[in-house]
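> Let me begin by handing over the structure; questions about it come next.
The values are calculated or read from the model by the stated rules, or taken from the named source; none is laboratory data. These numbers come from a predicted model, not from an experiment. Cβ: placed from backbone, ideal geometry, glycine included. Neighbour counts: every protein chain shown. Just so you know, the surface numbers come from the protein's heavy atoms only, side chains and all, with ligands and any DNA or RNA stripped out. Shrake-Rupley method; radii C 1.70, N 1.55, O 1.52, S 1.80 Å.
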Amino acid sequence: MGMGTSVLSLRIDGELLERLRHHAAKRGMSVQDYVVRTLIRDDFDERFSAAVEETERFYGVT
């Protein structure tokens with residue numbers, strides 16, 4: 001990746017923050033790491049799905 005890091009500031013509702021803290025703690029992660037990992041995974045899932053659809057179109061799978 002090698003692009004350095006940037007700061008993203010979010011305004012977040014207290015209830016959601018508590019849920020994020022809970023999910024992060026279960027994995028032994030900081031809220032920041034948990035959120036970043038979740039965003040990366042979601043982005044990967046989208047790109048992976050797109051690649052699978054592309055492959056299926058190429059091979060004529062329906």
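> Evaluate the following for GLY4: is it at pLDDT 90 or above, exposed (fewer than 10 other Cβ atoms within 10 Å of the Cβ) and part of a loop (DSSP other than H, G, I, E, B)?
no
> Here's something else I'd like to know. Only residues that are of a type in the set (S, T, N, Q) and open to solvent by less than 80 Å² (accessible area, probe 1.4 Å): list them for segment 12-44, please.
If the condition is that a residue be of a type in the set (S, T, N, Q) and open to solvent by less than 80 Å² (accessible area, probe 1.4 Å), then SER30, THR38 are the ones that fit.
> Taking the stated definitions as given, is ASP33 modelled with pLDDT of 90 or more and part of a helix (DSSP H, G or I)?
Taking the combined requirement at face value, the residue satisfies it.
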